[in-house]
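Asker: Here it is: the structure, laid out below.
The values are calculated or read from the model by the stated rules, or taken from the named source; none is laboratory data. Just so it is clear, the model here is predicted, and its values are computed rather than measured. Glycine gets a Cβ as well: all are built from the backbone with ideal geometry, and neighbour counts include every protein chain shown.
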Amino acid sequence: MISDISVIAFDADDTLWVNEPYFQETEALFCGLLEDYLPHHTVSQELFKTEMANLELYGYGIKSFMLCMIETVLRVSENTASPEVFHKVLQYGKEMLDKPIVLLDGVEDVLQALSGKYRLVVATKGDLLDQERKLRKSGLEHYFHHIEIMSDKKERDYSKLIKHLDCRPEEFLMMGNSLKSDVLPVLALGGHAIHIPYHTTWQHEHIDHTIEDPRFYQFNTMADILPHLIS
């Protein structure tokens, strides 16, 4: 059993519902759109370069992704791309914003099982309007005591959340698919963290070292956590 926990926080994208595959599908379309200028893999590298350069300015989410696609078009085409290309980019972004919310296997069963035994929280980053829309469309909102949509997920962000929830770090458990965003900052504060890998993860979220911490746990699916949280 993972003991002394009073609050369980869940990442949203690729933890509660499908997200990253939509970005990858759109990136493939975008690379095809610019194939007259550069090979697909080079366009992908250029797009990632743009995203990293703008992360502090734009933050995370689909709107940021749209702006980065537009900037990449301008750079790759040397300002020669036609209006139709920009129209396509905006269309891709709007289609992403209108994607259905597909819950991952076992998510609602786990929330039902934990509800009433712990304070359940959503702790996710991204665009405020988009994340609110996804949560509303998911049908999961009623399970959560608190919703925190963060501009980033670093130690200071989790520290602020834990203080707001009026709990000690050692009573806080974070669950998500990103070691970089959902695990490392929480462990650094003295909290607990569960990693549930997703089959695809944005390259910015990768880390290159092994985590060894007694408060770190890894499970293959969300359903696997229940025996460790319910006696």
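Asker: Evaluate the following for Gln45: is it over 25 Å from Tyr198 (Cβ atoms) and either surrounded by fewer than 17 Cβ atoms within 10 Å (Cβ to Cβ) or out of contact with any Ser or Thr (no Cβ under 9 Å at 6 or more places or on another chain) (or both)?
Answerer: Judged against the criteria, Gln45 is not a match.
Asker: Sticking with this structure for a sec: Considering only segment 100-122, I want to know if a residue exists there that is within 18 Å of Phe65 (Cα to Cα), within 17 Å of the chain's Cα centre (by Cα) and crowded, with 18+ Cβ neighbours inside 10 Å. Write out each step before concluding.
Answerer: Residues of segment 100-122 that are within 18 Å of Phe65 (Cα to Cα), as a first pass: none.
No, the conditions are met nowhere in segment 100-122.
Asker: Got a sec? Which of Glu78, Glu95 is loosely packed, with under 15 Cβ neighbours inside 10 Å, among the acidic types (Asp, Glu) and more than 25 Å from the chain's Cα centre (by Cα)?
Answerer: Details: Glu95 fails: more than 25 Å from the chain's Cα centre (by Cα).
Checking each option against the conditions leaves just Glu78.
Asker: Here is a further query. Report, by residue number, each residue of segment 77-117 that is in contact with a strand residue (DSSP E or B) (Cβ under 8 Å, 6 or more places away or on another chain) and part of a loop (DSSP other than H, G, I, E, B).
Answerer: Residues of segment 77-117 in contact with a strand residue (DSSP E or B) (Cβ under 8 Å, 6 or more places away or on another chain): 101-104, 107, 111, 114.
Scanning segment 77-117 gives Ile101, Val102, Leu104.
Asker: Of all residues in segment 56-71, which are touching a residue at least 40 places away in the same chain (Cβ under 8 Å) and over 13 Å from Leu90 (Cβ atoms)?
Answerer: Gly59, Tyr60, Gly61, Ser64
Asker: Search segment 7-42 for residues being part of a helix (DSSP H, G or I) and of a type in the set (Phe, Trp, Tyr), and hand back the single one that is surrounded by the most Cβ atoms within 10 Å (Cβ to Cβ). First the steps, then the outcome.
Answerer: Taking segment 7-42 and keeping what is part of a helix (DSSP H, G or I), we get 20-33, 40-42.
So of that shortlist, the ones also of a type in the set (Phe, Trp, Tyr) come out as 22-23, 30.
On the way: Tyr22: 18, Phe23: 15, Phe30: 23.
Applying the filter and picking the extreme gives Phe30.
Asker: All but one of (1) under 22 Å from Glu27 (Cβ atoms); (2) touching a residue at least 60 places away in the same chain (Cβ under 8 Å); (3) loosely packed, with under 15 Cβ neighbours inside 10 Å hold for Lys134, so report the exception by its number.
Answerer: Lys134 satisfies every listed condition except (3).
Asker: Now for a separate question. Across segment 55-67, which residue is surrounded by the fewest Cβ atoms within 10 Å (Cβ to Cβ) among those that are under 20 Å from Leu97 (Cα atoms) and not aromatic (Phe, Trp, Tyr)? First the steps, then the outcome.
Answerer: Going residue by residue through segment 55-67, those that are under 20 Å from Leu97 (Cα atoms) are 55, 58-67.
Imposing the further condition that a residue be not aromatic (Phe, Trp, Tyr) reduces the set to 55, 59, 61-64, 66-67.
Numbers: Leu55: 14, Gly59: 16, Gly61: 20, Ile62: 22, Lys63: 17, Ser64: 18, Met66: 19, Leu67: 17.
Checking each candidate, the answer is Leu55.
Asker: Please report, ordered by residue number, the helices (runs of 4 or more DSSP H) entirely within segment 120-231 with at least 2 residues that are over 25 Å from Leu103 (Cβ atoms), out of contact with any Phe, Trp or Tyr (no Cβ under 9 Å at 6 or more places or on another chain) and modelled with pLDDT under 95. If you could, list the steps in order and put the result at the bottom.
Answerer: Values: elements: 128-138, 155-164, 184-189, 226-229.
Correct list: empty, since no element meets the threshold.
Asker: Any residue that is in contact with a strand residue (DSSP E or B) (Cβ under 7 Å, 6 or more places away or on another chain), over 14 Å from Leu16 (Cα atoms) and surrounded by fewer than 17 Cβ atoms within 10 Å (Cβ to Cβ) - is there at least one of those in segment 124-131?
Answerer: yes
Asker: To continue, here is another question. Of the residues in segment 173-191, how many are more than 19 Å from the chain's Cα centre (by Cα) and of a type outside the set (A, V, I, L, M)? Give the steps one after another, and end with the answer.
Answerer: Of the residues in segment 173-191, the ones more than 19 Å from the chain's Cα centre (by Cα) are 188-191.
Filter once more, keeping what is of a type outside the set (A, V, I, L, M): 190-191.
Matching residues across segment 173-191 total 2.
Asker: Regarding Ile162, is this residue crowded, with 17+ Cβ neighbours inside 10 Å and more than 23 Å from Ile62 (Cβ to Cβ)? If you could, list the steps in order and put the result at the bottom.
Answerer: Details: crowded, with 17+ Cβ neighbours inside 10 Å: yes; more than 23 Å from Ile62 (Cβ to Cβ): yes.
Considered against the rule, which asks whether it is crowded, with 17+ Cβ neighbours inside 10 Å and more than 23 Å from Ile62 (Cβ to Cβ), Ile162 comes out as yes.
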